[in-house]
Amino acid sequence: MAFVNRAMRTIKVSTHSRSCSSGVAAVTHTLVSSLADGRTTGILACILFIFPILALSGCNRRAAFRMPDPEVLVAPPVQQDVAIHNEWVATTDGYVNAEIRPQVSGYIIKQNYKEGAVVRKGEVLFEIDPRPFQAAVDGARGQLAQAEAQLRKSAIDVERDTPLVAQKAVPKEKLDNEIQAKHAAEAAVESCKAALERSELDLGWTKVTSLVDGIAGIAEVQMGNLVAPQVRLTSVSQVDPIKVYFSVSEQEYLRAKHISSNDQPMNLFENAPELILADGSPYPHKGKILLTDRQVDTSTGTIRLVAAFPNPGNILRPGQYGRIRIQTSIRKNALLVPQSAVAELQGGYQVALLGADKKATIRPVTAGEKVGTMWVINEGLNPGDQVIVEGWQKLKEGTVVVPKQAKVTAEAR
């Protein structure tokens, strides 16, 4: 008990000490001395190790710990002229699309092309069983031969009886009938010739050919299928160059035609369009505007434009999606900041600025076009603002920061 009383008196003294560590040291010294004298029990020996830890933890709660102010990099916005581009959703299509259909009915007996391969105009793609059409040709030739024989007989009759009629050896009525028979034979010959020509055309159409140079699609029929003129066998598309369709709003069209005065005019037809592919990569070749559709779509309020792009190697195919990108104007003295300095939050954009008292200020801005690694800010910034370009992620409104100047440059446009 004497040992406990001595320790308690030491603790009371330590509470009035100026230093927590000196008070803990004094108590620890008392406990160690008691152990050395052999006057402590096992339980009191544990106090020797537990009490300094509890005492020091109490001291730590009393001491105030302050984190250093975060360091940030700041820079003013870059001011320069920037080319403004507009983008529209686009789809590709063949420059010429030909549907391959048979001209006659029959059974498919052969496919001569490789699906997805390049074919030439006039190349045979499918063959239809020609035997019925060959028989029709042979029959038409026989009928033509009969008509020609009848014509020759009528001609002989007219030639023989003409002088006899002059001699009144043959009635004139007979000659008239022979002349009419000759005319009928001539008409029959012409009709048979036409029938023969038609049957020969049908026979030729048993070989279904490509109408254009291009890429042939997948066959839509199989060997042995019975086909008719309304059945589509496949399609062939000319894809070099390839057409790209995109729609612009009626307001944009009026601005591009310099009719509307409500906004800045657009150079929509003067500049070469660029094609951005579905994966975001730019197509290496630029195109040209071919034409504008004849009317505005009343359901969407848009008008369709058509551009053509070179397509060496037939890389692009009809039906692909992408974006048409066209430089439509020049923004004078635009303000640009690094893209890393702009935060997107719930559809809006924010930047962190350095205030005069070295406190961070969060300001909403209106972001425009991205130019390389920079971002055009349309509204919300002034040329003299100090934008926090690095280290803003953990800042809040009013956070005191340690600013360091950064050097920010934009690429020449």
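Values computed for the structure shown
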| item | result |
| --- | --- |
| Pairs where the first residue, in the stretch 171-186, is under 18 Å from residue 148 (Cα atoms) and the second is part of a helix (DSSP H, G or I) and among the hydrophobic types (A, V, I, L, M, F, W, C), C-beta under 6 Å, 6+ apart | 178/158; 179/158; 182/155; 182/158; 185/151; 186/151 |
| Residues satisfying the stated conditions in the stretch 271-286, i.e. in a loop (DSSP other than H, G, I, E, B) and either open to solvent by 40 Å² or more (accessible area, probe 1.4 Å) or over 22 Å from residue 249 (Cα atoms) (or both) | 271, 272, 278, 279, 280, 281, 283, 284, 285, 286 |
| Which numbered condition residue 340 fails, given (1) within 26 Å of the chain's Cα centre (by Cα); (2) assigned to a strand (DSSP E or B); (3) farther than 26 Å from residue 266 by Cα | (2) |
| The stretch 376-413, residues that are more than 20 Å from residue 357 (Cβ to Cβ), at pLDDT 85 or above and not charged (D, E, K, R) | 376, 377, 378, 380, 383 |
| Test: residue in the stretch 119-132 that is open to solvent by 40 Å² or more (accessible area, probe 1.4 Å) and either assigned to a helix (DSSP H, G or I) or free of Cβ contacts under 8 Å to residues at least 60 places away in the same chain (or both) | yes |
| Selected residue (only one of 332, 370 is touching a helix residue (DSSP H, G or I) at 6+ places or on another chain (Cβ under 9 Å) and over 14 Å from residue 74 (Cα atoms)) | 370 |
| Unmet criterion (only one of (1) at pLDDT below 90; (2) not in a helix (DSSP H, G or I)) for residue 208 | (1) |
| Pick from the stretch 162-198, criterion farther than 30 Å from residue 104 by Cα and among the small types (Gly, Ala, Ser), ranking: most open to solvent (accessible area, probe 1.4 Å) | 166 |
| Residue list for the stretch 298-331, filter: closer than 19 Å to residue 93 by Cα, open to solvent by less than 40 Å² (accessible area, probe 1.4 Å) and in a loop (DSSP other than H, G, I, E, B) | 311, 316 |
| Residue pairs meeting the criteria (Cβ under 6 Å; at least 6 apart or on separate chains; first more than 14 Å from residue 318 (Cβ to Cβ), in the stretch 222-251; second among the small types (Gly, Ala, Ser) and in a strand (DSSP E or B)) | 246/90 |
| Verdict on residue 268 being out of contact with any strand residue (DSSP E or B) (no Cβ under 8 Å at 6 or more places or on another chain), open to solvent by less than 90 Å² (accessible area, probe 1.4 Å) and over 25 Å from residue 96 (Cβ atoms) | no |
| Residue that is exposed (fewer than 15 other Cβ atoms within 10 Å of the Cβ) and free of Cβ contacts under 8 Å to residues at least 24 places away in the same chain, where the choices are 289, 259 | 259 |
| Residue count for the stretch 344-362, restricted to those that are under 34 Å from the mean Cα position of the chain (by Cα) and open to solvent by 20 Å² or more (accessible area, probe 1.4 Å) | 7 |
| Inter-residue pairs, beta-carbon under 8 Å, first more than 28 Å from residue 117 (Cβ to Cβ) and in the stretch 195-213, second open to solvent by 30 Å² or more (accessible area, probe 1.4 Å) and among the basic types (Lys, Arg), 6+ apart | 196/141 |
| Unmet criterion (only one of (1) open to solvent by 70 Å² or more (accessible area, probe 1.4 Å); (2) without any contact (Cβ under 8 Å) to a residue 24 or more places away in the chain; (3) assigned to a loop (DSSP other than H, G, I, E, B)) for residue 295 | (3) |
| Residue match in the stretch 89-105 (condition: in contact (Cβ under 8 Å) with a residue 40 or more places away in the chain, farther than 30 Å from residue 202 by Cα and surrounded by fewer than 14 Cβ atoms within 10 Å (Cβ to Cβ)) | yes |
| Selection within the stretch 229-252 - under 26 Å from the mean Cα position of the chain (by Cα), buried (at least 20 other Cβ atoms within 10 Å of the Cβ) and of a type in the set (Ser, Thr, Tyr) | 237, 247 |
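The values are calculated or read from the model by the stated rules, or taken from the named source; none is laboratory data. The model shown is predicted, which means the values in this text are computed figures rather than measured ones. Virtual Cβ from ideal backbone geometry, glycine too; neighbours counted across all protein chains shown. Accessible surface is based on the protein model in full, side chains and every heavy atom, while ligands, DNA and RNA are left aside. Shrake-Rupley method; radii C 1.70, N 1.55, O 1.52, S 1.80 Å.
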